[in-house]
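First up is the structure itself, then whatever we jot down about it.
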Amino acid sequence: MTKVSGGCHCGAVRFEADVQNSPELLDCNCSICARSGYLHLIVAHRDFTLLSGADDLTSYRFGSGQADHLFCRLCGVKSFYQPRSHPDCWSVHYNCLDAGHGLTPNIIKFDGQNWEAAKAGLE
């Protein structure tokens, strides 16, 4: 396990997480991920610590409303959120990690346009 840190663009939202050295990242093609280039690094709630910015987060829900997309209200960056696919985990945006983390990720395509079938493939 490796401790990584990261956050939003303006620095108001900061976090730390313990992750695998060679994590799997999900590259989703759903309507929101495709537009933002989000790469999902799934982190168990117990392995994630929000260091600052709780009061600077704003929530956005759409579709089923199960996912809680959390954006910095100051700069608009979604550095992590609560996905519906992994209710006991956070999805951290890999591109929001601080440089120098040394991770060697394996990127897996996730067909978020066909969410139910894609989720069944993860199980």
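The values are calculated or read from the model by the stated rules, or taken from the named source; none is laboratory data. Because the structure is a prediction, the values reported are computed rather than measured. All Cβ positions, even for glycine, are placed from backbone atoms using ideal geometry, and neighbour counts span all protein chains on display.
Quick look at the numbers
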quantity	calculated
Test: residue 39 is at pLDDT 95 or above and over 13 Å from residue 6 (Cβ atoms)	no
Test result for residue 51, in contact with a helix residue (DSSP H, G or I) (Cβ under 8 Å, 6 or more places away or on another chain), modelled with pLDDT of 95 or more and under 23 Å from residue 1 (Cα atoms)	no
Hey, residue 30 in contact (Cβ under 8 Å) with a residue 60 or more places away in the chain, of a type outside the set (Asp, Glu), farther than 16 Å from residue 111 by Cα and surrounded by 13 or more Cβ atoms within 10 Å (Cβ to Cβ) or not	no
Those residues of region 82-123 which are of a type in the set (A, V, I, L, M, F, W, C), assigned to a strand (DSSP E or B) and closer than 18 Å to residue 51 by Cα, in sequence order	89, 90, 92, 97
Subset tally (residues that are surrounded by 16 or more Cβ atoms within 10 Å (Cβ to Cβ) and farther than 15 Å from residue 25 by Cβ) for region 85-118	1
Looking only at region 33-63, and only at residues there that are outside any strand (DSSP E or B) and among the small types (Gly, Ala, Ser), the one that is surrounded by the most Cβ atoms within 10 Å (Cβ to Cβ)	53
Residue in region 64-75 that is surrounded by the most Cβ atoms within 10 Å (Cβ to Cβ), counting only those that are outside any strand (DSSP E or B) and in contact with a strand residue (DSSP E or B) (Cβ under 9 Å, 6 or more places away or on another chain)	67
